[in-house]
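Here is the structure we will look at.
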Amino acid sequence: MKKLYLSKHKNGYYYIYYKDDNGKRQSITTKTKRKSETYKVLSNFDQLIKKKNKFDPKQIVLPRILVPMHKLVSIMRHPTAVC
């Protein structure tokens, strides 16, 4: 089990600190200002980590650009002109 640390920031919200698999310190907000609610969030820590790490920019598939690049540059230079 990972070592977890709780900290209350100046904004009043509690944060959970932990070290990831690479040994780098990470933090996650509990989105609560009450310590009792923070412990509830802490009990679901594994789910919280999965939710945080769900976004992977490598998995983004960009749509094909339908406007040829030269027209796009023209539109950007002259936004009021109609192509």
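Karplus couplings for region 23-36 from phi (6.51 cos²θ - 1.76 cosθ + 1.60, θ = phi - 60°), rounded to Hz, Gly and Pro as x?
x, 8, 6, 10, 9, 9, 6, 8, 6, 9, 9, 9, 5, 5
From the cross-link list 3/50; 8/51; 10/40; 8/40; 19/51, which pairs have alpha carbons spaced over 19 Å apart?
8/51; 10/40
Sequence-distant or interchain residues sharing an amide H contact under 5 Å with residue 19, placed H: which?
Those lying under 5 Å, H to H, from residue 19 are 3, 26.
Coordinate-derived values only; no laboratory data. Keep in mind that this is a model prediction, so the values were computed, not measured.
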